[in-house]
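Below is one structure, written out as structure tokens, with a few remarks after it.
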């Protein structure tokens, strides 16, 4: 019986291997197109995962990657018990939630408004103006913010002084820090994000709008009962993707905008990891915090996936 079962499994494996080889030969051009992506993810995504070992070691440059001593979960406990832990978590979570709530919905509203515009020239003009900031680096964006908001020669403060009020130091004020982070992120990404929703809106059957107009539905009713259900799947997918990055509050942006005056309100985990890992060479604790973030993101993605399955009847 054991010999027969092993023989059957061997035959089954041989059949699977033959089918794989046959499919590769048949669709070889497809696999060739897929090859660059596989190479990219293998080199830059999977191979670096071996570096997660540093999260459980006290890394020493002299001893090297393998020679550094194991410390177990000490790096995680040191981060959690650190004096900056709760401040970093608060800043990261709040900024991420603000971006998720306002930044996620903003492209949807823009796409819905553009979808109702009948003048195509105006629609194209607005699209061009709104998605161009996506191609600007945060260095350039921050330079624009300095030109607009600096207390001395900033255009906004010049207008404020002309109205008889005192200048406001927007870029160094902790009270304005989070607002400027979220507002500049929305300004930079709203147009680019709306492109996806506009593409989804173009796939809605026009007869559904005609039927709703015959039934006497107003514009708002059409949006609620026809437009939004038509792009529901896209919204759910984008929400799941955004939830996976809930602790990624935007390193490039915060790195440019943070200073000693507003750092207490906008300093996030990523900027702290940069200082610990690259400036202070604490590779172990920096890797541990990165692994901590990844686990939180994984839990959020799985949870959002389950919720989407309950509400939409399918899993992505």
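The values are calculated or read from the model by the stated rules, or taken from the named source; none is laboratory data. Since the model is a prediction, treat every value here as computed from it, not as a measurement. FYI the Cβ positions are ideal-geometry reconstructions off the backbone, even for glycines, and counts take in every protein chain you see.
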query: Which helices (runs of 4 or more DSSP H) does region 225-316 wholly contain that include 3 or more residues that are within 15 Å of the chain's Cα centre (by Cα) and at pLDDT 80 or above?
result: 232-244, 251-257, 283-312
statement: Apart from one, (1) touching a helix residue (DSSP H, G or I) at 6+ places or on another chain (Cβ under 9 Å); (2) farther than 17 Å from residue 254 by Cα; (3) assigned to a helix (DSSP H, G or I) all hold for residue 82; the odd one out is (3)
task: Filter region 39-68 down to residues that are surrounded by fewer than 13 Cβ atoms within 10 Å (Cβ to Cβ) and either in contact with a helix residue (DSSP H, G or I) (Cβ under 6 Å, 6 or more places away or on another chain) or on the phi > 0 side of the Ramachandran plot (or both), then give me how many there are.
output: 1
task: Scan region 1-30 and report the pairs whose first residue is surrounded by 10 or more Cβ atoms within 10 Å (Cβ to Cβ) and whose second residue is part of a helix (DSSP H, G or I) and modelled with pLDDT of 80 or more, with Cβ atoms within less than 7 Å and a gap of 6+ or a chain change.
output: 24/31
- request: Taking residue 159 as the residue in question, decide whether it is surrounded by fewer than 19 Cβ atoms within 10 Å (Cβ to Cβ), part of a helix (DSSP H, G or I), in contact with a helix residue (DSSP H, G or I) (Cβ under 9 Å, 6 or more places away or on another chain) and without any contact (Cβ under 8 Å) to a residue 60 or more places away in the chain.
  value: no
message: Taking the criterion of being surrounded by fewer than 16 Cβ atoms within 10 Å (Cβ to Cβ), touching a helix residue (DSSP H, G or I) at 6+ places or on another chain (Cβ under 7 Å) and outside any loop (DSSP other than H, G, I, E, B), would at least one residue in region 166-174 satisfy it?
response: yes
query: In region 93-148, how many residues are in contact (Cβ under 8 Å) with a residue 24 or more places away in the chain, surrounded by 12 or more Cβ atoms within 10 Å (Cβ to Cβ) and part of a helix (DSSP H, G or I)?
result: 30
query: Is there a residue being within 19 Å of residue 95 (Cβ to Cβ) and in a helix (DSSP H, G or I) anywhere in region 207-221?
result: no
field: Of all residues in region 69-79 being in a helix (DSSP H, G or I) and out of contact with any helix residue (DSSP H, G or I) (no Cβ under 8 Å at 6 or more places or on another chain), the one that is surrounded by the fewest Cβ atoms within 10 Å (Cβ to Cβ)
entry: 77
query: Picking from 47, 88, 63, which residue would you name as being farther than 22 Å from residue 246 by Cβ and modelled with pLDDT of 85 or more?
result: 47
